[in-house]
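A quick write-up on the structure given underneath.
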């Protein structure tokens, strides 16, 4: 019908044997409409309760939140750089920020904060005092580790340390202690780093100073021993050549020393005791393999941005693209490490080869000097020896100057304020307002929570309720063909009286119109099946079979058909009462017992209906309905009428109902909403399909709360249209 979901008027019913479309057993709109008042009341109560929760929470359990923010500043390449420069990529910054954030809230730092006398005076520490007033520092440390947090701000160089407490004054005390302890330990680490950086150079400087002292002493002793009063005496060409060789030897030795240092640095990097330099990384990033990886990363970043714009940040495709990007970034880092390692190995081989070559050159020069020295005169030899010592002394002094410059450069760089890579950027103050609860979260949240609990309970009851309540409960059953829906009398805006006589008493009502639309669908189904006799049965008592078949018979008679209505419910007959006949008069029971003829028990109403009542009480032997007596009566009636309707007993409590289904052309099941279980309806429909007669379908009788929303507007339209006709 027009006003019902899956009604026969809205779309022509399927033919017998064609499985219906499966629908959901729960109609959310119907459920919400049915409990609309409860849900609105729950929402209002939730808001009121939310205000109470907010007030209680704010009074007894407020939370004050404090944040201390640190910034990762740029790096200094050397003490001569005018300003610190940021040469790190975002991944490096994120990794460094995450590392520093983890250090700031590490167990070691938090343990020192717990032991701070000033921190032990705050109110938060009172919960960790024993009966003697002593602080249980282990318990406090565990709790603080759970409460304090550190996080990195994406796409920035900031990271935060966050902590909340119930007393506002506790927040700056504890966060200040954490900040000071963290920065203090960073200062210690920087001093350690400076000492570690200077250590090798200081060792070299000590060695060079010792060598210089030895050479100065040797030169002084040599001059005294040789009696050289003047050092500006001329030298021969051989002496000049010897001096050149010595100078060349000095250069080789210096180069050899530098190459050894370089080899030592390379070995340290390969062994992992020293990190590759930025030059090593930049050189590795120029490798074709890394460049291709960088190109792929750029492409994947564009793809992630495109997917995020196209699908939204939480879409599966965005997460998959992001995972691909992260995997490619990790692969790029691995490639860079591999290329750096490969380059370092190449550099090491080159340095080792250079050392061997320099050793060979040094040996050759020393041999040549030795040979030339032997040819000099004692004085020239002495002078050459002296000059060699002085050259060695000068070389060591130059080396000492270079080492001292490096040490001074390290001190100067660490002395600069901008050399500190982490600095605190905000002042820690006492929070003026609590961070929780927030009224715009607590009040609506409580309301939504309560509304969700009530809604969940409602829908849980709907899920657990296996009764037939609406059309969706029937259409979800296999093999069920819904021919019509007769709404509850309370849903009819026209104030209907009796359901059994609604066609006669309230022809303009919604219930009457529903019967007419059901009658149209029923007629098509009956004619398709070629059935002239139809048995109407219900599942449980009070399913409304009599009211359905009575109104259907009146409608059929009104359109000019010859209709006979037989009261086949010999246990609780009601057809006589509906049509105002005497229930004590002879009827079907008397005909089956042979005490009366069929012609004598037929009563004709003013609508032209031929009525066969149940009969006199003494002859209502319902066991006879299982035999062919009913078939004989129906066949005899069909000689005089177009169609015979039989009002049958409820199939669950009256065993003769299924026997009667074998004696008619077709059957129809009347289901009372909120009375019968879906499993029972499915079983009855299956049993009726198994009978020789044709099972036409089901009519849903008196579902409640259907006149709301779309249905209400249609019901009102039906009622209004009928009143206009009047």
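Within region 445-455, does at least one residue satisfy the condition of being assigned to a loop (DSSP other than H, G, I, E, B) and surrounded by fewer than 20 Cβ atoms within 10 Å (Cβ to Cβ)? Outline the logic, then answer.
Of the residues in region 445-455, the ones assigned to a loop (DSSP other than H, G, I, E, B) are none.
No; the residues of region 445-455 include none that is assigned to a loop (DSSP other than H, G, I, E, B) and surrounded by fewer than 20 Cβ atoms within 10 Å (Cβ to Cβ).
Would you mind finding the one in 353, 279, 296 that is in the same structural domain as residue 239 (by TED's automatic domain parsing), out of contact with any strand residue (DSSP E or B) (no Cβ under 6 Å at 6 or more places or on another chain), modelled with pLDDT under 85 and exposed (fewer than 12 other Cβ atoms within 10 Å of the Cβ)?
Details: 353 fails: modelled with pLDDT under 85; 296 fails: exposed (fewer than 12 other Cβ atoms within 10 Å of the Cβ).
On inspection, the qualifying residue turns out to be 279.
Of all residues in region 462-476, those that are in a loop (DSSP other than H, G, I, E, B) and closer than 14 Å to residue 673 by Cβ total 5. The set of residues in region 258-273 that are crowded, with 16+ Cβ neighbours inside 10 Å and either more than 22 Å from residue 358 (Cα to Cα) or free of Cβ contacts under 8 Å to residues at least 60 places away in the same chain (or both) comprises 265, 269, 270.
Is it fair to say residue 545 is buried (at least 16 other Cβ atoms within 10 Å of the Cβ), in the same structural domain as residue 703 (by TED's automatic domain parsing) and either under 60 Å from the mean Cα position of the chain (by Cα) or at pLDDT 90 or above (or both)? Yes; evaluated as a whole, the condition is true for this residue.
The listed residues are 324, 352, 284, and the only one of them that is touching a residue at least 24 places away in the same chain (Cβ under 8 Å), under 25 Å from residue 254 (Cβ atoms) and part of a helix (DSSP H, G or I) turns out to be 352.
Scanning for something assigned to a loop (DSSP other than H, G, I, E, B) and either modelled with pLDDT under 85 or crowded, with 21+ Cβ neighbours inside 10 Å (or both), does region 712-724 turn up at least one residue? Show your work before the answer.
Taking region 712-724 and keeping what is assigned to a loop (DSSP other than H, G, I, E, B), we get none.
For region 712-724, residues assigned to a loop (DSSP other than H, G, I, E, B) and either modelled with pLDDT under 85 or crowded, with 21+ Cβ neighbours inside 10 Å (or both): absent.
Taking region 20-129 as the region of interest, the helices (runs of 4 or more DSSP H) fully inside it that hold 1 or more residues being in contact with a helix residue (DSSP H, G or I) (Cβ under 9 Å, 6 or more places away or on another chain), surrounded by fewer than 17 Cβ atoms within 10 Å (Cβ to Cβ) and at pLDDT 85 or above are 36-60, 90-104, 107-114.
Just to check your reading of the model, which residue among 530, 560, 508 is assigned by TED's automatic domain parsing to the domain that holds residue 481, at positive phi and in contact (Cβ under 8 Å) with a residue 40 or more places away in the chain?
Details: 560 fails: in contact (Cβ under 8 Å) with a residue 40 or more places away in the chain; 508 fails: at positive phi.
Criteria check complete, one pass: 530.
Is it fair to say residue 568 is in the same structural domain as residue 504 (by TED's automatic domain parsing), at pLDDT below 90, closer than 15 Å to residue 654 by Cα and touching a helix residue (DSSP H, G or I) at 6+ places or on another chain (Cβ under 7 Å)? Answer is no for this residue.
Exactly one residue out of 579, 622 is in contact with a strand residue (DSSP E or B) (Cβ under 7 Å, 6 or more places away or on another chain) and surrounded by fewer than 23 Cβ atoms within 10 Å (Cβ to Cβ): that is 579. Can residue 433 be described as at pLDDT 80 or above, surrounded by fewer than 19 Cβ atoms within 10 Å (Cβ to Cβ) and touching a helix residue (DSSP H, G or I) at 6+ places or on another chain (Cβ under 7 Å)? No: the conditions fail for residue 433. Only a single criterion out of (1) in contact with a strand residue (DSSP E or B) (Cβ under 8 Å, 6 or more places away or on another chain); (2) modelled with pLDDT of 90 or more; (3) farther than 20 Å from residue 572 by Cα is not satisfied by residue 669, namely (3). Please find, among 646, 664, the residue that is part of a loop (DSSP other than H, G, I, E, B), crowded, with 24+ Cβ neighbours inside 10 Å and more than 55 Å from the chain's Cα centre (by Cα). The unique qualifying residue is 664.
With respect to residue 202, is the statement that it is more than 55 Å from the chain's Cα centre (by Cα), assigned by TED's automatic domain parsing to the domain that holds residue 401 and at pLDDT 80 or above true?
On the way: more than 55 Å from the chain's Cα centre (by Cα): yes; assigned by TED's automatic domain parsing to the domain that holds residue 401: no; at pLDDT 80 or above: yes.
So residue 202 does not fit the description; no.
Of the listed requirements (1) surrounded by 17 or more Cβ atoms within 10 Å (Cβ to Cβ); (2) modelled with pLDDT of 90 or more, residue 528 misses just one: (1). Within region 212-228, can one find any residue that is closer than 30 Å to residue 421 by Cα, part of a helix (DSSP H, G or I), touching a helix residue (DSSP H, G or I) at 6+ places or on another chain (Cβ under 7 Å) and at pLDDT below 80? Checked against the condition, which is being closer than 30 Å to residue 421 by Cα, part of a helix (DSSP H, G or I), touching a helix residue (DSSP H, G or I) at 6+ places or on another chain (Cβ under 7 Å) and at pLDDT below 80, region 212-228 yields no hits at all. If you check 669, 696 for being assigned to a strand (DSSP E or B) and closer than 26 Å to residue 490 by Cα, only one passes: 669. Out of all the residues in region 633-641, is one or more touching a helix residue (DSSP H, G or I) at 6+ places or on another chain (Cβ under 8 Å), at pLDDT below 90 and not in a strand (DSSP E or B)? Looking through region 633-641, none of the residues is touching a helix residue (DSSP H, G or I) at 6+ places or on another chain (Cβ under 8 Å), at pLDDT below 90 and not in a strand (DSSP E or B).
On the basis of being buried (at least 18 other Cβ atoms within 10 Å of the Cβ), within 19 Å of residue 688 (Cβ to Cβ), in contact (Cβ under 8 Å) with a residue 60 or more places away in the chain and touching a helix residue (DSSP H, G or I) at 6+ places or on another chain (Cβ under 6 Å), does residue 492 make the cut? No, not satisfied.
The values are calculated or read from the model by the stated rules, or taken from the named source; none is laboratory data. Because the structure is a prediction, the values reported are computed rather than measured. In this analysis, Cβ positions are derived from the backbone assuming ideal geometry, glycine residues included, and neighbour counts consider all displayed protein chains.
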